[in-house]
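Please read the structure below before turning to the comments.
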Amino acid sequence: MFPPRCISGRFCLNMDKNTYNIENKKKYMRRAIELAWSGMGYTSPNPMVGAVIVKDGRIIAEGYHKKCGDLHAERSAFANLKEDANGAEMYVTLEPCCHYGKQPPCTLAIVEHGISKVYIGSRDPNPLVSGKGAAFLRENGIEVEVDFLREECDKLNPEFFHYISTGRPYVVMKYAMTLDGKIATKTGDSKWITGEEARKNVHLERSRYAAILAGIGTVLADDPMLNTRIDAGENPGGFLSGYDVKLPDIPHQPLRVIIDTNLSIPMDSNIVKTAGEYETVIACGSGYDGGYDPEKKEALEKAGITVKELPGKDGRVSLKKLMDYLGERKISGVYIEGGGTVHEAAVRAGIVNKVSAYIGPKIFGGKHAKSPVEGNGIEKVADALNLKNTGITKLGEDIWLEYDVSE
């Protein structure tokens with residue numbers, strides 16, 4: 001395909017050709033973004049990355065990072081080549097690595113295959129890569145354009161960017177509430193505040209992050225599974241709407257993390273009964289209200305659960321210690337689906353990086369109905385947790401709001 005031509009057969013305006021070329025380049029990078037999403041959930045603690053190789057206006061190969069330990073996106077694309085890539089261009093959503101890890105440097109493969117130009121979306125904050133990958137390519141005669149559709153590419157990996165910079169997981173606090181700000185009625189009933197489309201999007205979010213966290217209150221009230229339920233054959237929709245993404249045949253199941261100071265979790269709960277199927281950690285405290293029963297700890301461990309004692313000064317679970325522990329386990333992202341008590345503790349601990357709020361078209365009313373963030377609350381507006389809106393999406397009759405916590 002070519003830009004529109006005048007009757008004379010010439011391009012009508014140089015700008016038409018330039019615009020056409022730019023839009024084509026954007027199309028190639030957006031294809032790389034689609035490919036990157038296909039590895040959702042399985043690449044952690046590595047980033048999601050996609051790559052597209054273009055020659056003479058044709059895509060001649062594409063690839064993506066499927067899971068941690070597998071080929072990086074660039075080498076995956078080269079493995080799918082069916083013709084010589086010499087002189088071709090590459091579109092990659094993240095700066096190519098230039099160091100040896102579980103895989104050799106992608107920059108070497110790019111040079112060896114004779115790529116003439118590389119378009120890079122996101123910059124890599126990893127000190128082993130940051131700026132060095134692009135510099136290596138330039139030193140070897142390859143033209144490099146950085147920050148190409150960077151904003152769109154950056155949306156792939158906020159958890160990686162945070163984790164690689166801090167060593168601690170990126171934390172998302174999620175809740176569904178009514179239009180009057182209630183997450184349950186005064187009796188605790190909460191099924192269902194939102195509709196099917198919003199609930200499907202929640203499962204996509206669960207699948208994205210390395211761990212899902214809830215408090216013992218949620219376990220006792222709802223007896224949840226805290227797993228991911230996605231039909232890989234369906235169009236994923238939700239935040240992947242508009243992308244041609246093929247999700248993994250087996251959806252990623254996040255590590256389940258339960259905050260349970262005194263190990264009050266029932267042995268017949270869904271969490272305990274399915275611990276052999278879904279990896280589970282219970283974080284407990286010590287000394288609060290008598291502490292936990294050592295025999296209960298032993299029984300939970302026999303059921304396949306990792307019990308980790310992480311007490312704070314008051315004997316309750318320290319969320320900061322928990323994040324340090326999860327970071328040591330290379331958990332890059334945590335999705336909190338707790339109640340108001342856990343949410344308040346997370347906000348107070350300063351661990352929340354993003355808020356994901358679903359608003360259903362219902363009103364519960366009642367001063368005793370539960371709210372998303374409980375506790376004593378603040379006294380002055382100046383002390384509020386400030387947020388920056390990053391997304392407003394209509395999902396059926398519901399609204400999904402995304403906010404980053406302001407620095």
Restricting the stretch 224-242 to residues that are closer than 24 Å to residue 170 by Cα and either of a type in the set (Val, Ile, Thr) or open to solvent by 30 Å² or more (accessible area, probe 1.4 Å) (or both), the residue that is nearest to the chain's Cα centre (by Cα): 239
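When you check residue 4 against the structure, is it loosely packed, with under 14 Cβ neighbours inside 10 Å and either at pLDDT 95 or above or over 18 Å from residue 240 (Cβ atoms) (or both), yes or no? Walk me through how you get there before you give the answer.
Numbers: loosely packed, with under 14 Cβ neighbours inside 10 Å: yes; either at pLDDT 95 or above or over 18 Å from residue 240 (Cβ atoms) (or both): yes.
The answer is yes for residue 4.
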Test: residue in the stretch 243-263 that is open to solvent by less than 70 Å² (accessible area, probe 1.4 Å), within 22 Å of residue 328 (Cα to Cα) and over 22 Å from the mean Cα position of the chain (by Cα): yes
Matching residues in the stretch 142-174 - criterion: being in contact (Cβ under 8 Å) with a residue 60 or more places away in the chain and of a type in the set (D, E, K, R): 152, 159, 168, 174
Filtered residue count, the stretch 197-223, keeping only those that are surrounded by 21 or more Cβ atoms within 10 Å (Cβ to Cβ) and in a loop (DSSP other than H, G, I, E, B): 2
Considering residues of the stretch 41-59 that are more than 18 Å from residue 164 (Cβ to Cβ) and out of contact with any helix residue (DSSP H, G or I) (no Cβ under 9 Å at 6 or more places or on another chain) only, the residue least open to solvent (accessible area, probe 1.4 Å): 55
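Criterion first (part of a strand (DSSP E or B) and either within 30 Å of residue 302 (Cα to Cα) or at pLDDT below 90 (or both)) does residue 271 satisfy it? I'd like the intermediate steps shown before the answer.
Numbers: part of a strand (DSSP E or B): no; either within 30 Å of residue 302 (Cα to Cα) or at pLDDT below 90 (or both): yes.
Criteria not met by residue 271.
This table checks each residue for (1) polar (S, T, N, Q); (2) touching a strand residue (DSSP E or B) at 6+ places or on another chain (Cβ under 9 Å); (3) crowded, with 18+ Cβ neighbours inside 10 Å.
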| position | (1), (2), (3) |
| --- | --- |
| 284 | no, yes, yes |
| 301 | no, yes, no |
| 311 | no, yes, yes |
| 319 | no, yes, yes |
| 323 | no, yes, yes |
| 342 | no, yes, yes |
| 345 | no, yes, yes |
| 356 | yes, yes, yes |
Residue selected from the stretch 102-129 under the condition under 26 Å from residue 158 (Cα atoms) and open to solvent by 60 Å² or more (accessible area, probe 1.4 Å), by the criterion modelled with the lowest pLDDT: 102
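Name the residue, out of 374, 379, that is out of contact with any Lys or Arg (no Cβ under 8 Å at 6 or more places or on another chain), open to solvent by 60 Å² or more (accessible area, probe 1.4 Å) and either within 17 Å of residue 338 (Cα to Cα) or not hydrophobic (A, V, I, L, M, F, W, C) (or both). Step through it out loud before you land on a result.
Numbers: 374 fails: open to solvent by 60 Å² or more (accessible area, probe 1.4 Å).
Testing whether each residue is out of contact with any Lys or Arg (no Cβ under 8 Å at 6 or more places or on another chain), open to solvent by 60 Å² or more (accessible area, probe 1.4 Å) and either within 17 Å of residue 338 (Cα to Cα) or not hydrophobic (A, V, I, L, M, F, W, C) (or both) leaves just 379.
Going by the structure shown, is residue 89 open to solvent by 10 Å² or more (accessible area, probe 1.4 Å), over 23 Å from residue 245 (Cα atoms), of a type in the set (D, E, K, R) and touching a residue at least 24 places away in the same chain (Cβ under 8 Å)? It would help to see each step written out before you state the result.
Numbers: open to solvent by 10 Å² or more (accessible area, probe 1.4 Å): yes; over 23 Å from residue 245 (Cα atoms): no; of a type in the set (D, E, K, R): yes; touching a residue at least 24 places away in the same chain (Cβ under 8 Å): yes.
When the stated conditions are applied, residue 89 does not pass them.
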Among residues of the stretch 130-140, those that are modelled with pLDDT of 90 or more and surrounded by fewer than 23 Cβ atoms within 10 Å (Cβ to Cβ), counted: 6
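The values are calculated or read from the model by the stated rules, or taken from the named source; none is laboratory data. From a predicted model like this one, the values you see are computed outputs, not experimental measurements. For neighbour counting, all protein chains shown are included, and Cβ atoms are generated from backbone atoms with ideal geometry for every residue, glycine included. Side chains are part of the model used for accessible areas, which takes the heavy atoms of the whole protein and leaves out ligands, DNA and RNA. Shrake-Rupley method; radii C 1.70, N 1.55, O 1.52, S 1.80 Å.
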